[in-house]
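Notes follow the structure.
The values are calculated or read from the model by the stated rules, or taken from the named source; none is laboratory data. What you see is a predicted model; the values in this text were computed from it and never measured. Don't worry about glycine lacking a Cβ; one is built from the backbone with ideal geometry, like all the others, and counts go over all protein chains shown. In case anyone asks, the SASA skips ligands and DNA or RNA and just uses the protein heavy atoms, side chains included. Shrake-Rupley method; radii C 1.70, N 1.55, O 1.52, S 1.80 Å.
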Amino acid sequence: MTDTDLDAGERMSLDELRADQLRNLKTTVTSVYENVPFYRKAFDDLDVTPDDITSLDDIAKLPFTNKQDLRDNYPFGLFAVPREQVARIHASSGTTGLPTVVGYTTGDLDRWGSLIARSIIAAGGKRGQMMHNAYGYGLFTGGLGVHGAERHGFTVVPISGGQTPRQVQLIQDFKPDLITATPTYLLTILDEFHKQGIDPTTTSLKTAICGAEPWTDEMRKEIEQSFNINAVDIYGLSEVMGPGVACEAAETKDGPTIWEDHFYPEIVDPFTGEVLPDGQEGELVFTSLTKEALPIIRYRTHDLATLLPGTARPNFRRISRITGRSDDLMIIRGVNVYPANVESVLFEFTPLSPHFQLVLTRPGRMDEMTVEVEAREGVGAVELDGLDKLVAARVKERLGVSCGVDIKMPGDLPRSVGKLKRIIDRREGVR
Ligand code: DLL
């Protein structure tokens, strides 16, 4: 990484960055006030106008936007430009209800592509390299979002998710330097290497850029060692843009750097909405600064994280790894647990593979959680004897929650081709 690899946005001084952010915040706020009836009403309800924004701190005067607001204005009600100026539509399915629909002008797509290139370079990629893109194509922002790298000097292989034997073949034949996939799908690809008898450490791959779902440093180590590559974390969400809102730098691997010249971050108390100081954990909130088709004000992500000072890009703050989404919070006998917490514990046990799911039941009045986890290939009965009890005891010790543990044979659990569903909810009448 040399200074010449940095783009103009990354080279701004802190003063220039703050001035740029304020200028773009004012433009964004004016655009939504004038063009989006939903925001006009929300601003009027709070008695705030674009003229009230004279410093970045004034952002706290603005209303929040929730996923439900996108649904209430389905499909195009929050767009700030005429539909004819929208060049691309994406949507996120969500588990219930209407999808949330997002749109991009050609300018938005250009900026997105530049941020993808910036992310790949931060991740350790170099222009001229080939990228095997195994994020799903279609309405999901992962595939087509990352694909934007093709206009910035990268060769993109648009394989999408699925057809796993073919993924292995194309990695072997095309010899890409970079791979993009959810961490759990990368594990599925890893299994396929073993199945085909190919040593995954011998591929051309140097870097994996993984995101779209929570994963732990333990999982990173598993991926890095199994493929003999670097693995970095990329974060994003469709309502704010898609992949590339933030990305980790290869040299520090200390949490995704937020591309703050385009997205202004805040952390708020998830219950009261009060803005919290940097360093305190809470819900991530983003305001877009440069989007035209769907500018978004103080979007409540439901992702729980901490804002940290910049390192590899000193002027841009980082997010800690996402602990979990508030939607994935399980409250087991009064104790809060996220799947990632369980993932960290399971990695302590070498006979266990990284393939696991959490089954929720409610046999009586209380919720119960059973950890279903596969043994690693080749592990014998002796090593597994009594291991379920040891794992349950360790989960209790580390997370404070009692659970059942059911150790499965390799291949017994469903595999991911994209975002993995970790929580299987079998509680009657819940949700
Ligand atoms: O998942 C965009 C994306 C695609 C990001 C590819 C990275 C790579 P959505 O489908 O709208 O967009 O889902 C967004 O996924 O609010 C988080 O809960 C979760 N998420 C995304 N990246 C990460 C990450 C894409 N690195 C939701 N770590 C977000 C943890 C992540 N969770």
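Could you list all residues from segment 169-189 that are closer than 18 Å to Met131 by Cβ, touching a Ser or Thr at 6+ places or on another chain (Cβ under 8 Å) and open to solvent by 10 Å² or more (accessible area, probe 1.4 Å)?
Across segment 169-189, the qualifying residues are Gln172, Lys175, Asp177.
Tally time: how many residues in segment 328-377 are in a loop (DSSP other than H, G, I, E, B) and closer than 15 Å to Lys396 by Cβ?
4
If you check Pro99, Pro82, which single one turns out to be open to solvent by 30 Å² or more (accessible area, probe 1.4 Å), under 18 Å from Leu294 (Cα atoms) and in contact (Cβ under 8 Å) with a residue 40 or more places away in the chain?
Every option except Pro99 fails the conditions.
Go over the candidates Leu284, Leu304, Leu276 one by one and state the one that is open to solvent by 10 Å² or more (accessible area, probe 1.4 Å) and within 15 Å of the ligand (Cβ to nearest atom).
Leu304
Restricting the search to segment 385-409, which residues are of a type in the set (A, V, I, L, M) and either in contact with a Gly (Cβ under 6 Å, 6 or more places away or on another chain) or loosely packed, with under 14 Cβ neighbours inside 10 Å (or both)?
Passing the criteria: Leu390, Ala393, Met409.
Tally up the residues in segment 213-252 that are over 20 Å from Val417 (Cα atoms), of a type in the set (D, E, K, R) and more than 7 Å from the ligand (Cβ to nearest atom), please.
5
Can you tell me which residue among Arg427, Arg398 is assigned to a loop (DSSP other than H, G, I, E, B) and away from the ligand (no atom under 16 Å from the Cβ)?
Only one candidate qualifies: Arg427.
Among the candidates Phe193, Phe174, single out the residue that is of a type in the set (Phe, Trp, Tyr), away from the ligand (no atom under 12 Å from the Cβ) and either within 17 Å of Gly142 (Cα to Cα) or touching a His at 6+ places or on another chain (Cβ under 8 Å) (or both).
When all the criteria are applied, what remains is Phe174.
Of the residues in segment 197-212, how many are open to solvent by 50 Å² or more (accessible area, probe 1.4 Å) and either among the acidic types (Asp, Glu) or within 15 Å of the ligand (Cβ to nearest atom) (or both)?
1
Grab the helices (runs of 4 or more DSSP H) fully contained in segment 1-98, keeping just those with 1 or more residues being under 18 Å from Tyr299 (Cα atoms) and basic (Lys, Arg).
It comes to 14-35, 37-45, 67-72.
Scan Pro270, Pro277, Pro243, Pro256 and give me the residue that is touching a Cys at 6+ places or on another chain (Cβ under 6 Å) and closer than 19 Å to Thr323 by Cα.
On inspection, the qualifying residue turns out to be Pro256.
Give the number of residues within segment 308-333 that are within 30 Å of Tyr33 (Cβ to Cβ), within 15 Å of the ligand (Cβ to nearest atom) and open to solvent by less than 20 Å² (accessible area, probe 1.4 Å).
1
Among what's in segment 103-152 and is under 16 Å from Lys291 (Cβ atoms) and either within 13 Å of the ligand (Cβ to nearest atom) or of a type in the set (Phe, Trp, Tyr) (or both), pick the residue that is nearest to the chain's Cα centre (by Cα).
Per the criteria, the residue is Thr141.
Name the single residue, out of those in segment 242-254 being closer than 20 Å to Gly142 by Cβ and open to solvent by less than 10 Å² (accessible area, probe 1.4 Å), that is farthest from the chain's Cα centre (by Cα).
Glu248
Could you check segment 125-158 and list, in sequence order, the residues that are of a type outside the set (Ser, Thr, Tyr), part of a loop (DSSP other than H, G, I, E, B) and crowded, with 22+ Cβ neighbours inside 10 Å?
Result: Gly125, Ala134, Phe140, Phe154.
Determine whether segment 318-340 contains at least one residue that is in the same structural domain as Leu276 (by TED's automatic domain parsing), modelled with pLDDT of 95 or more and not polar (S, T, N, Q).
Checked segment 318-340: at least one residue is in the same structural domain as Leu276 (by TED's automatic domain parsing), modelled with pLDDT of 95 or more and not polar (S, T, N, Q).
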